[in-house]
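Input: a single structure, listed below in structure tokens.
The values are calculated or read from the model by the stated rules, or taken from the named source; none is laboratory data. What you see is a predicted model, and the numbers here were worked out from it, not measured in a lab. Note that we place each Cβ from the backbone using ideal geometry, even for glycine, and neighbour counts take in every protein chain shown.
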Amino acid sequence: MSEPFEPKIVAFVCTYCTYAGADLAGTSRLKYPSNVRIVRLPCTGRISPMFILKALQKGADGVLVSGCHPGDCHFDHGNYHARRRWTVFNSLLQFAGVPEERVRFSWISAAEGRKFAELISEITEDIRRIGPFEQYHALIAETGSPAPL
Amino acid sequence: MSLQEHYRSQARELLAAGAVKMVVGYAEGTTPERRRPVFITEPEECSRLVLDARCRTNLAGYLLREGLLSDGREIAVYLSTEGVRTINILAAESQLSSAQVRILGFEIDRDEVKAMEGKRAADFSEAILAHKERRKKQAPDELAAKLEAMNAAERFTFWQGEFSRCIKCYACRQACPMCWCRRCVVDNNQPQWVNTSSHTLGNLEWNLVRAFHLAGRCVECGNCGRACPVDIPLHLLNRKMTGEVLEAFDHYPGMDEHQEPALASFRKDDPETFIL
Ligand code: SF4
Ligand code: SF4
């Protein structure tokens with residue numbers, strides 16, 4: 001148990017902007033923590049809040065949801081719909097006691113490789129600081145399902 | 001003539017004239033303080049209809065019984081403002097046609113029932129607007145204020161305690177007029193989004209999903225909370241969501257039958273302070 005805590009972070013990203021941004025970070029050889037597991041989806045409009053709950057259910061310590069800036073959606077308005085959903089779901093999660101650092105939302109374009117790398121570093125540091133999501137992990141343990149991730 | 005008598009005779013006339021095929025109202029329940037829904041089709045039965053301050057259930061959901069409205073005929077139903085808003089939402093979501101709903105409107109003010117004039121959902125727009133204005137000014141109740149003052153871990157612990165008692169009976173869902181999906185997402189098993197065992201984890205997930213799916217649609221009628229056998233304060237979640245959509249999108253559900261659902265519409269300048 002003496003190993004340093006490495007947060008497990010799941011990022012749900014749209015393929016046209018944030019995924020391309022992550023790709024750019026890679027091809028530009030920018031360094032960012034390897035704590036993030038990326039799940040690529042066609043559009044932020046496709047990212048159901050159920051995905052966030054699923055990631056937490058599987059033991060994630062943090063979740064990032066990210067897509068194209070408003071006005072830049074490949075499907076024109078998927079991200080506007082997503083934004084409303086996030087507003088509501090974010091407020092619900094906080095009301096339920098999920099700390100705000102654990103579930104983040106961002107806009108990262110295909111040109112923002114640097115923003116991607118910096119945001120991942122920042123989120124990873126935030127979660128490293130607050131530690132594993134123990135309250136949630138305790139609920140997972142109670143179900144008798146195998147240890148998180 | 002009391003409102004109860006007045007609506008009884010209206011119901012009788014509507015049925016006798018064949019203007020409606022059924023009256024959905026309230027009758028005496030199993031104990032003196034209870035009221036239960038009744039579905040009346042014969043004019044002679046109208047004497048069973050009761051209307052007093054105990055008639056709290058939002059009856060609008062009964063209209064969605066499969067096939068009930070498919071013959072195009074009208075049904076009369078006792079509705080308060082929340083109930084009328086429900087009709088508007090269900091019409092906006094293409095679940096019914098408001099032209100088939102003949103309303104017997106009432107409002108409960110402390111221990112008194114008062115008439116609300118109007119026949120069709122569209123006749124109640126003033127009352128609904130007044131409710132919206134009142135809702136905007138409504139202060140959070142004591143428990144809600146206490147919760148808001150807690151830190152995240154304390155709030156989590158609070159809800160963990162509440163949801164640990166949930167038995168996943170889904171009475172809250174069955175009682176909600178807005179929960180009309182044929183197949184609820186929690187009943188999906190390919191993939192299984194929500195843990196079905198009644199451990200606290202699955203209960204938490206279920207309750208979050210329920211609250212989220214009612215965001216911008218809930219009329220705060222209280223059917224869910226009254227149905228919950230273990231008294232989970234569901235109204236706190238509903239109120240939080242109602243407050244959020246009202247504040248962020250100026251959306252008050254059920255204004256009229258053409259209102260776009262809050263989460264199926266957007267404005268380009270919607271607020272987004274939390275997005276990085
Ligand atoms: S969630 Fe509860 S309060 Fe809201 S409409 Fe449904 S039953 Fe009524
Ligand atoms: S009615 Fe109460 S106990 Fe039943 S599923 Fe809903 S919250 Fe859980």
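Side notes on the structure shown:
- Pair list, Cβ under 6 Å, 6 or more apart: the stretch B:237-252 residue surrounded by fewer than 19 Cβ atoms within 10 Å (Cβ to Cβ), other residue assigned to a loop (DSSP other than H, G, I, E, B) and modelled with pLDDT of 95 or more: B:L246/B:Y252
- Qualifying position, being within 14 Å of ligand 1 (Cβ to nearest atom) and more than 23 Å from B:R155 (Cβ to Cβ), among B:A264, B:A215, B:A227, B:A211: B:A227
- When A:Y32 is tested against (1) in a loop (DSSP other than H, G, I, E, B); (2) surrounded by fewer than 19 Cβ atoms within 10 Å (Cβ to Cβ); (3) in contact with a Ser or Thr (Cβ under 7 Å, 6 or more places away or on another chain), only condition (2) is not met.
- Test result for A:Y19, of a type in the set (F, W, Y) and in contact (Cβ under 8 Å) with a residue 40 or more places away in the chain: no
- Condition check for A:R29: charged (D, E, K, R) and within 30 Å of B:C184 (Cα to Cα): no
- Residue tally, condition under 20 Å from the mean Cα position of the chain (by Cα), within 8 Å of ligand 2 (Cβ to nearest atom) and either crowded, with 22+ Cβ neighbours inside 10 Å or of a type outside the set (G, A, S) (or both), over the stretch B:161-219: 8
- Complete set of residues in the stretch B:1-48 that are basic (K, R) and not in a strand (DSSP E or B): B:R8, B:R12, B:K21, B:R34, B:R48
- Listed by first and then second residue, the pairs with beta-carbon distance under 7 Å, at least 6 apart or on different chains, first residue in the stretch A:36-60 and within 11 Å of chain B (Cβ to nearest Cβ), second of a type in the set (S, T, Y) and assigned to a helix (DSSP H, G or I), are A:L56/A:Y136.
- Inter-residue pairs, beta-carbon under 9 Å, first more than 11 Å from B:A262 (Cα to Cα) and in the stretch B:213-227, second acidic (D, E) and more than 16 Å from ligand 2 (Cβ to nearest atom), 6+ apart: B:V219/B:E82; B:E220/B:E82; B:C221/B:E82; B:G222/B:E82
- Pairs linking a residue in the stretch B:168-190 that is closer than 18 Å to A:P49 by Cβ to a residue that is more than 14 Å from ligand 1 (Cβ to nearest atom) and not in a loop (DSSP other than H, G, I, E, B), with Cβ atoms under 8 Å and 6 or more positions apart or on different chains, are B:V185/A:M50.
- B:D269 more than 12 Å from ligand 1 (Cβ to nearest atom) and assigned by TED's automatic domain parsing to the domain that holds B:C169: no
- Yes/no for B:V245 being within 22 Å of B:A60 (Cβ to Cβ), more than 9 Å from ligand 1 (Cβ to nearest atom) and among the β-branched types (V, I, T): yes
- Condition check for B:T86: within 13 Å of ligand 1 (Cβ to nearest atom), outside any helix (DSSP H, G or I) and touching a residue at least 24 places away in the same chain (Cβ under 8 Å): no
- Pairs linking a residue in the stretch A:132-147 that is polar (S, T, N, Q) to a residue that is at pLDDT below 90, with Cβ atoms under 7 Å and 6 or more positions apart or on different chains, are A:T143/B:N195; A:T143/B:S197.
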